[in-house]
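Written below as structure tokens is the structure these notes are about.
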Amino acid sequence: RLVPGDGQKQATNTEIIEMYNKRLIPLLVDDQGKLKTFQEAGINEEEYIAEYKKAGYYKQPYKLLYKIFPNDPKDGNSVNLEGAEGWVFPVNGMGLWDAIYGYLAVGTDGVNVIGASWYDQKETPGLGANISEESWQSLFPGKKVFLESATGDVDTKTAPLGIVVVKGKVSEVYGDSPKSHSAVDGMAGATLTGNGVTDAYRDVLAGYRPFLELVHAANKKN
């Protein structure tokens, strides 16, 4: 939750936008995992975001991500790994019928998912379109973008990267094996959409691997 509340008073649209602008800072990351502001990279933010949405930010030399700040940020330097509460990655791929667009948020350890959404899709209502439903998106927090070893360790340099949408239930397909920690239940009648989501996470996160490696290494030091 971006704005703590007592459950009675809802934030206004203006308050939500103000909090969004305060807590989610768009940045760029290069192929070595180094963060830069748009100004430092000499790139116009609005033009970049509009131009590469369909092609995929993860394919660019400078890739888009968002740094999540706490409600009361102490560290105003956005290009530091320190001071973040997590990182948000734009995700795009192909569903059954058309392109799908979403976000995946990963915690400060560079491994654990803290949120997922699909905000733009044209999948079949009641089937593949369920990727946009909160009930399905709620399966993602706590999942791991890097596949753990049998001992529970994570080697960010060699481990498979992504979240797999299985056909059926994770518990039936993988039991409690390490693969179960990097997979979510599929949607009935939407196998091809699920495959598209799996492919999107694998392909997109591969572009951010150097950055995730640095985030994970920095977290282990702290």
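Couple of notes before you dig in:
- Sole residue being within 30 Å of Lys157 (Cα to Cα), modelled with pLDDT of 90 or more and in contact with a strand residue (DSSP E or B) (Cβ under 7 Å, 6 or more places away or on another chain), chosen from Leu24, Leu28: Leu28
- Segment 7-21: number of residues that are over 17 Å from the mean Cα position of the chain (by Cα) and either in a helix (DSSP H, G or I) or modelled with pLDDT of 95 or more (or both): 8
- Flag if Ile49 is aliphatic (A, V, I, L, M), modelled with pLDDT of 95 or more, outside any helix (DSSP H, G or I) and closer than 30 Å to Gln121 by Cα: no
The values are calculated or read from the model by the stated rules, or taken from the named source; none is laboratory data. As the structure is a prediction and not an experimental result, all values here were calculated from the model. A quick note on method: Cβ atoms are made from the backbone with ideal geometry, for glycine too, and the neighbour counts reach across all protein chains shown.
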